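To start, the structure itself, in structure tokens.
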Amino acid sequence: MVSIKQVFFSFILPIIVLIIVPSLILWLGEGRTIFTILNSNLILLVIGFIVLGMGLLLWLDCVVLFYKIGKGTLFPSKKVETKSLVIVGPYKYVRNPMIIGVIITSVGESLVFGSMWILFFAFCFLIGNLIYIPLSEEKHLIERFGEEYIHYKKCVRGWIPKLKAYEY
């Protein structure tokens with residue numbers, strides 16, 4: 001059974017990154033209102049919703065795996081962190097599919113809303129994670145999971161998926 005705490009901690013970071021920050025960008029940065037929020041180009045709007053949906057599905061798949069396999073959430077706190085290393089599903093092909101899903105979703109949002117600033121935010125989010133993950137998260141994973149994570153890291157790329165699935 002999923003606890004309220006797990007749901008809260010699984011969704012708080014994505015809500016900030018995918019809803020609150022883009023909303024602030026549109027409202028404060030671009031002066032958009034509810035009547036001018038969507039992109040007026042129908043083709044980009046449709047492509048944007050498709051890209052956004054693909055990113056959300058990838059992210060949601062990762063959240064479910066964190067709960068089912070890892071017995072925790074994506075939130076970096078000892079109270080709700082995963083108990084097991086998750087190396088199934090999209091994690092068999094790339095080490096950071098959840099972040100990739102968030103970035104894909106942000107790119108979709110930039111198309112849906114016709115906002116270069118949301119696209120710029122997605123780029124900054126990517127750069128931030130390219131720095132944060134090796135400096136902090138990967139060190140923590142090595143401390144927690146040891147050789148299991150080191151072997152996984154050697155076999156699976158961080159950001160560009162392999163075509164062949166990781167076999168453990």
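The values are calculated or read from the model by the stated rules, or taken from the named source; none is laboratory data. Keep in mind that what you see is a predicted model, and the values were worked out from it rather than measured. Positions of Cβ are generated from backbone atoms using ideal geometry, with glycine treated the same way; all protein chains shown enter the neighbour counts.
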Residue by residue through region 81-128, note down the ones that are of a type in the set (A, V, I, L, M), surrounded by fewer than 17 Cβ atoms within 10 Å (Cβ to Cβ) and over 25 Å from Arg157 (Cβ atoms). Met116
All helices (runs of 4 or more DSSP H) inside region 13-113 with 1 or more residues being at pLDDT below 90: 21-24, 42-68
Give Leu65, Leu163, Leu135 a once-over and let me know the one that is hydrophobic (A, V, I, L, M, F, W, C) and in contact with a helix residue (DSSP H, G or I) (Cβ under 7 Å, 6 or more places away or on another chain). Leu65
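Let's see how each residue does on (1) of a type in the set (Val, Ile, Thr); (2) closer than 15 Å to Ile103 by Cβ:
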| residue | (1), (2) |
| --- | --- |
| Phe8 | no, no |
| Ile16 | yes, yes |
| Ile20 | yes, no |
| Leu28 | no, no |
| Arg32 | no, no |
| Leu45 | no, no |
| Leu57 | no, yes |
Among the numbered criteria (1) under 24 Å from Val21 (Cα atoms); (2) more than 13 Å from the chain's Cα centre (by Cα); (3) not small (Gly, Ala, Ser), which single criterion is violated by Val86? (1)
Pick from Val102, Val156: which is within 30 Å of Ile43 (Cα to Cα) and either touching a helix residue (DSSP H, G or I) at 6+ places or on another chain (Cβ under 9 Å) or among the polar types (S, T, N, Q) (or both)? Val102
Among residues belonging to region 103-145 that are hydrophobic (A, V, I, L, M, F, W, C) and touching a residue at least 60 places away in the same chain (Cβ under 8 Å), point out the one that is nearest to Thr82 (Cα to Cα). Phe145
Over region 146-168, the set of residues part of a helix (DSSP H, G or I) and either without any contact (Cβ under 8 Å) to a residue 60 or more places away in the chain or within 19 Å of the chain's Cα centre (by Cα) (or both) is Glu147, Ile150, His151, Lys153, Lys154, Cys155
